[in-house]
């Protein structure tokens, strides 16, 4: 299938035909592909914009759905819903990974299935939608195509707090102490580093890996919650 047809397929999944096809294509270009093709165009600026667009859409929907909750509670829920795991799940509902422009190395390493990459590109697509059609259209598409799945993610979550915050609450309550995190390893080229972090609670140790130190800490905290029996293997109580 040629690329023009792939873009058209993605437009059908979104329910929107771009006036500027170049915007949509740019939202799908990973920097590894841009480097190989010696072009400066990639999704990162659109990702920056899309992050703000999605954050505003989700904030508005949360106020409607939970009018009784405080600003602090709404902020925690929003952080959970616009996090990498949540947005990557939304990306999978339209099989976004199959439309990406990836460099050879990123393809070999399974880039089209990486949670961090899917989250970034999902945000970039909404940055492109905002520029091409405006906020109201971007909001309409999000509500029609993704909002139901987002509520499902929230309803099935063991907590809307991030794993580090949740673990901290548990250890303070049970052990009167805080977990500690140590960076064990950071390997790979600068633009594709993998971080490994150890989490310690008393004499217990778990390790998490991620494309950023923060992501690795979250994974280590999640593994510690499993070790403590707070959540199951699939992240549920």
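Each value in this text was obtained by applying a stated rule to the coordinates, not by laboratory testing. Computed from a predicted structure; not experimentally measured. All Cβ positions, even for glycine, are placed from backbone atoms using ideal geometry, and neighbour counts span all protein chains on display.
How high is the relative contact order of the chain? Use alpha-carbon pairs under 8 Å, at least six apart in sequence, and give a whole percent.
17
Is the stretch 163-227 best put as rounded, prolate or oblate by its Cα gyration tensor, with a ≥ b ≥ c the root eigenvalues, rounded for a/c under 1.5, and otherwise prolate when a/b is larger than b/c, oblate when not?
prolate
Specify the angular offset, from 0 to 90 degrees and rounded to the nearest 10, of the alpha carbon long axis of helix 115-133 from the longest principal axis of the alpha carbons in the chain.
40
How far apart, in nm, are two points set 7 Å out from the Cα along the Cα-to-Cβ line at residue 228 and at residue 109?
The two pseudo-label positions are separated by 3.2 nm.
Which percent, to the nearest 5, of DSSP beta bridges fully inside the chain are antiparallel?
Bridges in the chain that DSSP calls antiparallel: roughly 95 percent.
Nearest 10 degrees is fine. How inclined is helix 3-14 to the longest principal axis of the chain, computing both from alpha carbons?
Here the helix axis deviates by roughly 60 degrees.
Helix 147-156: angle to the longest alpha-carbon principal axis of the chain, degrees 0 to 90, nearest 10?
10
So what is the relative contact order of the stretch 42-164, in percent, for Cα pairs below 8 Å that sit 6 or more residues apart?
41
For the chain, with a Gaussian network of springs between Cα atoms less than 10 Å apart, report the residue from 83, 115, 70 with the top mean-square fluctuation.
Looking only at 83, 115, 70, the biggest GNM fluctuation is shown by 70.
Just grab the label-to-label distance for residue 169 and residue 209, each label 7 Å out from Cα along the Cβ direction, in nm (one decimal).
3.0
Which of 185, 68, 123 moves the most in a Gaussian network model of the chain with Cα springs under 10 Å?
68
Say we join alpha carbon atoms closer than 10 Å with springs in a Gaussian network model of the chain; which of 40, 103, 148 then has the biggest fluctuation?
Answer for the Gaussian network model of the chain: 40.
Could you work out how far apart the two model spin labels at residue 176 and residue 4 are, taking each label as a point 7 Å from the Cα in the direction of the beta carbon, and quote it in nm?
7.2
When the helix-only estimate is applied to the chain (DSSP H runs of n ≥ 4, each -39,500 (n - 2.57), divided by the residue count), what is the mean residue ellipticity at 222 nm, nearest 500 deg cm²/dmol?
For the chain, the value works out to -18500 deg cm²/dmol.
Return a whole-number percent for the relative contact order of the stretch 1-110, with Cα pairs under 8 Å and 6 or more residues apart as the contact set.
Relative contact order for the stretch 1-110 comes out at 36 percent.
Alpha carbon centre of the stretch 45-91 versus the stretch 176-205: separation in Å?
27
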